[in-house]
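The values are calculated or read from the model by the stated rules, or taken from the named source; none is laboratory data. None of these values were measured; they are calculated from a predicted model. Glycine gets a Cβ as well: all are built from the backbone with ideal geometry, and neighbour counts include every protein chain shown. Heads up: the accessible areas ignore ligands, DNA and RNA and are worked out on the full protein's heavy atoms, side chains in. Shrake-Rupley method; radii C 1.70, N 1.55, O 1.52, S 1.80 Å.
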Amino acid sequence: SFINIDLGKRTPAEVRTLHGFCQTLTQSGFLAKSLHQDGDPVMRLSLQKSEVVRRFFDGGWLGWYSFMLGLRHLVSAGVEFSVAREVSLSWPKDEGHALDLVFLVGSGPPLCVQCRTGDIAPQLDRLLHVRRRLGIPAEHYLLCASDMTEPQIEELSQRHDLFIATPRTLKAWFETHLPTRS
């Protein structure tokens with residue numbers, strides 16, 4: 001319901017930029033309050049109580065970010081494609097599952113993108129289960145994780161035959177794995 005941002009290690013220019021961004025979030029209805037007084041090393045933010053806003057900050061932003069990067073790449077590539085968000089899946093005697101993004105490009109297998117923030121370890125078995133159930137090759141099933149280091153990514157990728165990108169590497173991943181104009 002709230003976020004405290006430590007400003008102690010930030011430059012004055014970074015603090016001004018952050019303050020302006022938080023004011024924009026407040027005016028846009030994402031934040032209920034943005035409190036910061038000169039000399040205070042902490043900026044205090046209160047989230048709106050709306051479930052939609054809370055879901056966005058709990059990780060929905062990463063799905064939207066991935067969606068927009070994928071769309072930009074495919075549109076600029078000039079290829080025909082379809083895309084779906086939040087695809088619900090169910091099988092008999094199996095809990096419901098979901099795919100955050102599905103890109104259909106040409107006649108190849110779909111590209112499925114799962115977006116996660118925070119610790120993915122508790123969700124890893126479920127994510128891999130969906131890939132196996134759908135019979136999707138590893139190179140067509142991407143986990144976009146916001147909070148992983150390069151060593152973690154390398155270890156998980158090798159151990160589970162899983163492609164993993166971060167917000168910093170996602171654009172390059174799309175450029176490498178999605179078609180472009182020939």
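Some points to look at:
- Among the criteria (1) of a type in the set (A, V, I, L, M); (2) within 22 Å of V53 (Cβ to Cβ); (3) open to solvent by 40 Å² or more (accessible area, probe 1.4 Å); (4) touching a Ser or Thr at 6+ places or on another chain (Cβ under 7 Å), the one L104 does not fulfil is (2).
- Against the criterion of being among the charged types (D, E, K, R), touching a strand residue (DSSP E or B) at 6+ places or on another chain (Cβ under 9 Å), assigned to a loop (DSSP other than H, G, I, E, B) and modelled with pLDDT under 90, D147 qualifies.
Yes/no matrix, rows are residues, columns are (1) among the hydrophobic types (A, V, I, L, M, F, W, C); (2) open to solvent by 60 Å² or more (accessible area, probe 1.4 Å); (3) modelled with pLDDT of 90 or more; (4) in contact with a Leu (Cβ under 8 Å, 6 or more places away or on another chain):
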{"site": "V52", "(1), (2), (3), (4)": "yes, yes, no, no"}
{"site": "S82", "(1), (2), (3), (4)": "no, yes, yes, yes"}
{"site": "K93", "(1), (2), (3), (4)": "no, yes, no, no"}
{"site": "G96", "(1), (2), (3), (4)": "no, no, no, yes"}
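- Applying the set (1) touching a residue at least 24 places away in the same chain (Cβ under 8 Å); (2) open to solvent by 40 Å² or more (accessible area, probe 1.4 Å) to V42 leaves exactly one unmet item: (2).
- Residues that are open to solvent by 60 Å² or more (accessible area, probe 1.4 Å) and either polar (S, T, N, Q) or assigned to a helix (DSSP H, G or I) (or both), drawn from the stretch 150-169: E150, P151, Q152, E154, E155, Q158, R159
- T117 vs. criteria modelled with pLDDT under 90 and either in contact with a strand residue (DSSP E or B) (Cβ under 8 Å, 6 or more places away or on another chain) or closer than 24 Å to W61 by Cβ (or both): yes
- Of L111, L178, L74, L128, all but one fail to be in contact (Cβ under 8 Å) with a residue 24 or more places away in the chain, open to solvent by less than 20 Å² (accessible area, probe 1.4 Å), over 23 Å from G59 (Cα atoms) and touching a His at 6+ places or on another chain (Cβ under 9 Å); the exception is L178.
- D119 vs. criteria assigned to a loop (DSSP other than H, G, I, E, B) and under 18 Å from the mean Cα position of the chain (by Cα): yes
- You will find that of Q48, Q37, the residue that is open to solvent by 70 Å² or more (accessible area, probe 1.4 Å) and more than 30 Å from Y141 (Cβ to Cβ) is Q37 and no other.
- Conditions (1) within 22 Å of I164 (Cβ to Cβ); (2) at pLDDT below 90; (3) surrounded by fewer than 17 Cβ atoms within 10 Å (Cβ to Cβ): number failed by G60: (3)
- Top-ranked residue in the stretch 114-125 [being closer than 22 Å to W64 by Cβ and among the hydrophobic types (A, V, I, L, M, F, W, C); ranked as surrounded by the most Cβ atoms within 10 Å (Cβ to Cβ)]: C115
- Options D125, D58; residue that is out of contact with any strand residue (DSSP E or B) (no Cβ under 9 Å at 6 or more places or on another chain), over 29 Å from Q23 (Cα atoms) and among the acidic types (D, E): D125
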